[in-house]
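For reference, the structure is listed below as structure tokens.
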Amino acid sequence: MFRQNKRRTAGRKNFEPSIFQGVTQIYNTRLSFYDIPPIDEITLEEFETWAIDRLKILIEIESCGLRSKSLRETEQVIKPLLLKYLPLNPNPSSSASPPASVIAERKKDHYSHFILRLVFCRTEDLRRKFIKNELVLFKIRYNMLQPKEQREFIAQYSDKLPWQYISQDEKLDILDDLFAATSSTVRNSLVFESGDPSFTISRDQLYQHIQKSEQFIKLPFEKVPNLVASRSVLLRAGSAYIPSTLQLNLLSIEYQDLLTTSLIRTFQSMPRLEEDDRLLPLLNNLSANSSSIEYDMSSKFDAENASDINAVSVTTPAVMKHYPMCATHLQGALMSKSHLKYQGRQQLQLFLKGIGLSIDEAMKFWSYQFTKSNSGITMEKFNKEYKYNLRHNYGLEGARINYKPPDCSRILSKPKPGKGESHGCPYRDLPLDSLITNLNEMGVTDQVDINMVVDDVGRNDYTVACTRVFEFTHKQELAKSKATSSEGMHINHPNLYFDRSRQLEKSS
Ligand code: SF4
């Protein structure tokens, strides 16, 4: 996948064609343990965009994990994103081999996984994070497979999986012991599958189910220390007997072992890659963004969305209720003090520009706020000292760059606000009592909810705290609205918070 040496003859591939033979076989099933590295050539653009698309999914999974979402809740968030960024369609029943469009999806999935291995192999922490999130992705995708596809997947890797299904005769021989050891596990999985927490099944019905329908897997007990410790398996003569409802756990253990070894190997081969002058900058960029991807501002704020954003409306509750805490805090400081210091002005001016405040309306808003009442700033002083900077942010002065609003990681990378300053992220910068007051003002009053936010802040997970607050303050809209690809999105940009909040209001 990456350059072996720096010389390349135009029109010739870097690898011999014989290497490609049989590679497409790995795309026969839509799920993979990624045990065969890609060797085909892709463009640099594909290299970057495929990796970014997978990174978006992993970041969302990470965010769900940090907000203690269950696998089922995480699935609800991730499935629409998978459809958008990394779809994996099944083979059409009419054709024996997957068509080109399906192979293209699987190829993207395959390559993006290996590219992110290069990004995440560099430190122990990154490796742990990658493995954890890839495992969740694997579980979500495995649950999306048809039972037939699950069997095909297991058959494909049967030589790598140290287990075997026991025969019906063997099961009946030890049925009472199996029932005693595993009935509660089987019952829990039936409740989970039903999706109904009040689902009940009598002891006799459960016994019948295990006797007739449940399959059991036998494998060396040392392969499943966690299941042995939690007493959810039957132990006999050095073997553990596991209900097939726990099959996914077993697959995850195998996948985890495989990924751990592979990431170490990737790390060991990094020095070779560092000779590649094309990929290294891309990998460094991906590595720098491994916990957040820039929010795409393009096309978010069309004329219709921004039609009600003007110098007056931005101070009204109807618009301000969509602000994240950083914007509320900044605008509150501006309106009460009739002034903001440079960093705060930059942050709020660009946020307001991002929500659709035009330069003319911005000029009215800022000049009014700075010159009102007893601020001591005249219009003449405003024009002399502040007007140029505002026009500069809109790309109308100096180098005429159309500046974008900063995302959370940029805001958090700036020095904390000093005395009299209000920029930054309040989750990081406010003292605890002020933070709680702000949370109360946003409508977060439940002590359990507040404790969760404070815990996130204690772990320096400020964007997780902000995403959690978004969910607390939009509970009803989120419950009413249909799942869309943007609903589960982790907040990594103040304008994403605003945009999502308004979208939810419009759709509910
Ligand atoms: Fe603003 Fe981002 Fe902090 Fe939320 S996490 S308050 S959007 S800077």
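For the reader, a short list of remarks on this structure follows.
- Which numbered condition residue 445 fails, given (1) touching a Gly at 6+ places or on another chain (Cβ under 7 Å); (2) of a type outside the set (D, E, K, R); (3) at pLDDT 95 or above: (1)
- Residue that is farthest from the ligand (Cβ to nearest atom), among those in segment 320-333 that are surrounded by 21 or more Cβ atoms within 10 Å (Cβ to Cβ) and assigned to a helix (DSSP H, G or I): 331
- Highlighted here are the helices (runs of 4 or more DSSP H) found entirely within segment 74-171 that include at least 2 residues which are modelled with pLDDT of 90 or more and aromatic (Phe, Trp, Tyr): 100-120, 124-144.
- From the list 427, 368, 394, 403, the one residue that fits, being within 16 Å of the ligand (Cβ to nearest atom), in contact (Cβ under 8 Å) with a residue 12 or more places away in the chain and among the aromatic types (Phe, Trp, Tyr), is 427.
- Only one entry of 198, 167, 183, 189 meets the criterion of being in contact (Cβ under 8 Å) with a residue 24 or more places away in the chain, more than 30 Å from residue 88 (Cα to Cα) and not β-branched (Val, Ile, Thr), and that entry is 183.
- For residue 470, the conditions (1) of a type outside the set (A, V, I, L, M); (2) buried (at least 17 other Cβ atoms within 10 Å of the Cβ); (3) farther than 17 Å from residue 328 by Cβ; (4) within 14 Å of the ligand (Cβ to nearest atom) all hold with the exception of (3).
- Residue satisfying all of: in segment 437-451; within 15 Å of the ligand (Cβ to nearest atom) and among the aliphatic types (A, V, I, L, M); most open to solvent (accessible area, probe 1.4 Å) among these: 442
- Subset of segment 389-419 (residues that are hydroxyl-bearing (Ser, Thr, Tyr) and exposed (fewer than 13 other Cβ atoms within 10 Å of the Cβ)): 413
- Pair list, Cβ < 6 Å and 6+ apart or interchain, from segment 470-481 residues that are in contact (Cβ under 8 Å) with a residue 12 or more places away in the chain to residues that are acidic (Asp, Glu): 472/449
- Per-region count, segment 28-41, residues open to solvent by less than 60 Å² (accessible area, probe 1.4 Å) and either under 25 Å from the mean Cα position of the chain (by Cα) or not assigned by TED's automatic domain parsing to the domain that holds residue 81 (or both): 8
The values are calculated or read from the model by the stated rules, or taken from the named source; none is laboratory data. Note that this is a predicted model, so its numbers are computed, not measured. Here the Cβ is made from the backbone with ideal geometry for all residues, glycine too, and neighbour counts use every protein chain on show. The area values use the complete protein model at the heavy-atom level, side chains included, leaving out ligands, DNA and RNA. Shrake-Rupley method; radii C 1.70, N 1.55, O 1.52, S 1.80 Å.
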